[in-house]
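J.: Take a look at this one; I'll ask things after.
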Amino acid sequence: MFVRVLLLLLGIVGLRTLEGAERPNVIVILVDDLGRGDYSGFGTPDILTPAIDRLGREGMTFNNFYANSCVCSPTRAALLTGRYPDQVGVPGVIRHTVDNSWGWLDPAAVLLPQPLKAAGYHSALIGKWHLGLESPNTPTERGFDDFHGFLGDMMDDYWTHLRGGQNFMRRNREVIDPQGHATDLFTEWACDYLTERAAVRDASGQAVPFFLYLAYNAPHDPIQPPVEWVERVRQRVPGIADKRASLVALIEHMDFGIGRVLDRLDQLHLSENTLVIFTSDNGGVLGHGAVNGPWRSEKQHMYEGGLRVPAMVRWPGRIAAGSRTDRIALTMDIFPTVLDAAGVEAVPVAEGISFLPTLVGEVQENTTRDLYFVRREGGPAYGGKTIEALIRGDWKLIQDSPFKPLELYNLKSDPGETTNLTSQEPRVYQELSTALRRHIQQAGRIPWQEP
């Protein structure tokens, strides 16, 4: 009875059986501040990321994948709700300091583990949450069966795990104080979870599918890789700059952890029936030595370097190995894609669009839709206001500072966003600015501070 009621509340109209296969397990790996070009499969010569490269080699790589925002919390909200972040109350970063927190996750928003739970999935979040520090917005109150990780935004230290002197590490609702580098802890906990779930069977003896959301805080600052990983980089790349060496080491250390997770899937014979999605929450930080490819700017900004991110998806036997797609997709599209793969049909209440047909080799043309990006922030550079971008076809309208005029670029002819065309293309400018105002007006109806 409970499941039926939950399905109705979520707008789910039925479960379709995947032909000739069990429902897949799903792992979404979200990393923090990884630049678009900061993996060796991209062609960046000073970095080695065999695990990330493996996902691309054994699955599909997206050439045009966008994060839903240029900073953390909004993108995470989009991933878990399938909605634009300002539509669920998270236009900016949620922080432990109330006077500098710019979002509050809508308690009515449906998060991905909820419809999956109604379909029989067990769900776990391991790693960084960053969508609330207290009730009602903690992971186990928002649908996850298990949470082992960090509630807050960033850690001040990868070994102490503190933020502003406070401990936000949790095992479900219990405060914990684990020892070790955060990347290693999250990897170990993820591997333990996979081992536990591999042994679980339902009353009929069938495996119980699981959804694991593995959210590393690496390579977010502080840039603190284990010393031995920095030495490996220095030995392999003589003359590498200090900042770049540390960032590369932190990424390679994280990649090693991802490799351990993939190896554990192999050891448990789970790989063939597990959909793995990998991406980043926003672009990299150039000041730390990040590589965002040929695109302009970095994290915190609405130019392409802050929004374009790596994305690979693997599902052996379903997704052609070594395939690539030019399809434009966003973080929020992961939500309907996972439900689609799990056989959960939902009334479309979210803005995200499933890219499962593309993954499995079906013809799926790029959907005609406007793409919106938002960030609300405090401090003198933002004043509590928002910055935005809107992409419509080849055109991109951007306001990267709330105190500066909007800019217009043609991404097809000018992917580096070098020539502002607002004066040359007044009709396009007017059309896009009108559409952006409508979105801002709609988002203005959604509270983003706790009442």
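The values are calculated or read from the model by the stated rules, or taken from the named source; none is laboratory data. What you see is a predicted model; the values in this text were computed from it and never measured. No Cβ is skipped: glycine too gets one built from the backbone with ideal geometry, and neighbour counts run over all protein chains shown. Heavy atoms of the whole protein, side chains included, go into the accessibility calculation; ligands, DNA and RNA do not. Shrake-Rupley method; radii C 1.70, N 1.55, O 1.52, S 1.80 Å.
J.: Can you grab the distance from the C-alpha centre of segment 389-440 to the C-alpha centre of segment 177-246, Å, no decimals?
T.: 39
J.: Tell me, what is the FRET efficiency for VAL363 and ASP192 to the nearest 0.05, using R0 = 45 angstrom and their Cβ-Cβ distance as r? Show your work: numbers first, answer last.
T.: Values: r = 41 Å, r/R0 = 0.91.
The formula returns an efficiency of 0.65 here.
J.: Leaving out ligands, DNA and RNA, and with a 1.4 Å probe, what % of the accessible surface on the chain is carbon or sulfur?
T.: Numbers: 9380 of 17780 Å².
On the chain, the fraction of accessible area on carbon and sulfur atoms equals 53 percent.
J.: I need the shape label for segment 29-130. Rule: rounded when a/c is under 1.5, else prolate if a/b > b/c, else oblate, with a, b, c from the alpha carbon gyration tensor.
T.: Details: a/c = 2.34, a/b = 1.47, b/c = 1.59.
Cα axes put segment 29-130 in the oblate bin.
J.: Let me ask something additional. Using a cut-off of 14 Å between beta-carbons, work out the net charge of the residues near ALA321 (Lys and Arg +1, Asp and Glu -1, ALA321 not included). Write out the running numbers ahead of the final one.
T.: Working: positive: ARG54, ARG57, ARG314, ARG318, ARG324; negative: ASP53, GLU58, GLU272.
With Lys, Arg at +1 and Asp, Glu at -1, the neighbours total +2.
J.: Right, another one. Applying the Karplus parametrisation 6.51 cos²θ - 1.76 cosθ + 1.60 with θ = phi - 60° to the phi angles of segment 56-66, what ³J(HN,Hα) value in whole Hz is obtained for each residue in order, glycine and proline being reported as x?
T.: With the stated coefficients, segment 56-66 comes to x, 5, 9, x, 10, 9, 8, 7, 9, 10, 10 Hz.
J.: With n ≥ 4 as the cut-off for DSSP H runs, can you work out [θ] at 222 nm for the chain, using -39500 (n - 2.57) per run divided by the number of residues, rounded to the nearest 500?
T.: Details: 12 runs with 126 residues, N = 451.
That calculation yields -8500 deg cm²/dmol at 222 nm.
J.: Once you put a point 7 Å from the Cα of THR418 and another 7 Å from the Cα of ASP370, both along the Cβ direction, what distance in nm separates them?
T.: 3.0
J.: May I pose another question? With a cut-off of 8 Å between alpha carbons and a minimum separation of six or more residues, what is the relative contact order of the chain in percent?
T.: Working: 1003 pairs, mean separation 115.2, N = 451.
Averaging sequence separation for qualifying contacts and normalising by length gives 26 percent for the chain.
J.: Measuring with a 1.4 Å probe in the full set of protein chains, what accessible area per residue, in whole Å², belongs to the chain?
T.: Values: 17780 Å² over 451 residues.
Spelled out: the 1.4 Å probe surface of the chain, per residue, equals 39 Å².
J.: When only Cα pairs under 8 Å and 6 or more residues apart are kept, what is the percent relative contact order across segment 84-155? Write down the numbers at each step before the final one.
T.: Details: 113 pairs, mean separation 21.0, N = 72.
Relative contact order here is 29 percent.
J.: So, in nm, how far is label ASP266 from label GLU450 when the simple model puts each one 7 Å beyond its Cα toward the Cβ?
T.: 4.5
J.: Rounded if a/c is under 1.5, else prolate if a/b is larger than b/c, else oblate: which is segment 150-238, with a ≥ b ≥ c the root eigenvalues of its Cα gyration tensor?
T.: Working: a/c = 3.14, a/b = 1.56, b/c = 2.01.
In terms of gyration-tensor shape, oblate.
J.: Could you give the distance between the Cα centres of segment 73-104 and segment 279-358, to the whole Å?
T.: The distance from the Cα centre of segment 73-104 to that of segment 279-358 comes to 18 Å.
J.: Going by a ≥ b ≥ c, the root eigenvalues of the Cα gyration tensor, does the chain fall in the rounded group (a/c under 1.5), the prolate group (a/b larger than b/c) or the oblate group?
T.: Details: a/c = 1.31, a/b = 1.14, b/c = 1.15.
The shape class here is rounded.
J.: Relative contact order of segment 115-166, please, whole-number percent, based on alpha carbon pairs below 8 angstrom and at least 6 residues apart.
T.: On the way: 67 pairs, mean separation 16.7, N = 52.
Normalised by residue count, the contact order of segment 115-166 is 32 percent.
J.: Of the listed pairs LYS128/LYS299; LYS299/LYS396; LYS243/LYS404; LYS299/LYS412; LYS117/LYS299; LYS128/LYS404, which have alpha-carbon separations greater than 29 Å here?
T.: LYS243/LYS404; LYS117/LYS299; LYS128/LYS404
J.: Amide H to amide H under 5 Å from TYR84: which residues, 5+ apart in sequence or cross-chain, H placed 1.01 Å off N in plane?
T.: Amide H to amide H, under 5 Å and 5 or more residues apart or across chains, TYR84 pairs with GLU351.
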